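The values are calculated or read from the model by the stated rules, or taken from the named source; none is laboratory data. This is a predicted model, so every value here is computed, not measured. Using ideal geometry, Cβ is built from the backbone for each residue, glycine included, and neighbour counts are taken over all protein chains shown. When the accessible area is computed, the model is the full protein with side chains, heavy atoms only, and any ligands, DNA or RNA have been set aside. Shrake-Rupley method; radii C 1.70, N 1.55, O 1.52, S 1.80 Å.
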Amino acid sequence: QIEKVRQMYEVMNIRHCTMICGPPMSGKSAVIEILKGTYEKRREGHNVITYLINPKAQSVPRLFGKKNEISDDFEIGILSNIFQIANAPIPNHKKELRWIILDGDVDPLWIEKLNSVMDDSKQLTLENKDRIMMQKYCSMLVEAYNISHASPATISRLGMIYVDKSMLNG
């Protein structure tokens, strides 16, 4: 599993969005936590802030935002709000990385809305046309069982790590 932590480190150094996939109980979360701990111990004063969300637990409008029918105002969604917070400026004296972890089954309804974040533009475009730019200290991690419901366009934008249960036994 140390090899998977190394792979995750290498992929995250070249990609701002990474997917770690494999069956339940294969150690995906452990790989992320070990890498986080390594960053915090090896780089003095380097905190890693994580924002964890299960995207399948909410509807797409609740994740990304929607227009309020009564007031005609745009209500920012849960994931959009997290994205905004994670990409807010870091005070000068702090050394910090921020990871948004989407832990749950990949669904074409929500993953396709992140394609503009995953490509080179690194922007989350909201329904009201506002855009939030992903900063160099922010990364998006998708932790999922498989990629069967993601389009080739989405998969081509992600760095990929596969973890298998058999690695835990030997």
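Find the residue count for region 126-167, including only residues that are part of a helix (DSSP H, G or I) and among the small types (Gly, Ala, Ser).
Number of matching residues: 2.
Might you check whether a residue that is over 30 Å from Ser166 (Cβ atoms) and open to solvent by less than 40 Å² (accessible area, probe 1.4 Å) occurs anywhere in region 44-53?
Yes: region 44-53 contains one or more residues that are over 30 Å from Ser166 (Cβ atoms) and open to solvent by less than 40 Å² (accessible area, probe 1.4 Å).
I'd like to check something: does region 85-107 contain any residue that is within 24 Å of Ile49 (Cα to Cα), at pLDDT 95 or above, open to solvent by less than 60 Å² (accessible area, probe 1.4 Å) and assigned to a helix (DSSP H, G or I)?
Yes, region 85-107 contains a residue that is within 24 Å of Ile49 (Cα to Cα), at pLDDT 95 or above, open to solvent by less than 60 Å² (accessible area, probe 1.4 Å) and assigned to a helix (DSSP H, G or I).
Kindly provide the set of residues from region 56-79 that are modelled with pLDDT of 95 or more and within 21 Å of Ser29 (Cα to Cα), ordered by number.
Result: Leu79, single match.
Note down all Cβ pairs under 9 Å where the first residue falls in region 56-72 and is more than 21 Å from Tyr145 (Cβ to Cβ) and of a type in the set (Phe, Trp, Tyr), the second is outside any helix (DSSP H, G or I) and open to solvent by less than 60 Å² (accessible area, probe 1.4 Å), and they're at least six residues apart or on different chains.
Matching pairs, first to second residue: Phe64/Gly77; Phe64/Leu124; Phe64/Leu126.
Rundown of residues vs (1) open to solvent by 80 Å² or more (accessible area, probe 1.4 Å); (2) within 17 Å of the chain's Cα centre (by Cα); (3) not aromatic (Phe, Trp, Tyr), yes/no style:
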| site | (1), (2), (3) |
| --- | --- |
| Glu3 | yes, no, yes |
| Gln7 | no, yes, yes |
| Ile14 | yes, yes, yes |
| Met19 | no, yes, yes |
| Met25 | yes, no, yes |
| Lys28 | no, yes, yes |
| Ile34 | no, yes, yes |
| Arg42 | yes, no, yes |
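Among (1) touching a strand residue (DSSP E or B) at 6+ places or on another chain (Cβ under 6 Å); (2) part of a helix (DSSP H, G or I); (3) of a type in the set (A, V, I, L, M, F, W, C), which single condition is Met19 missing?
Just one mismatch for Met19, condition (2).
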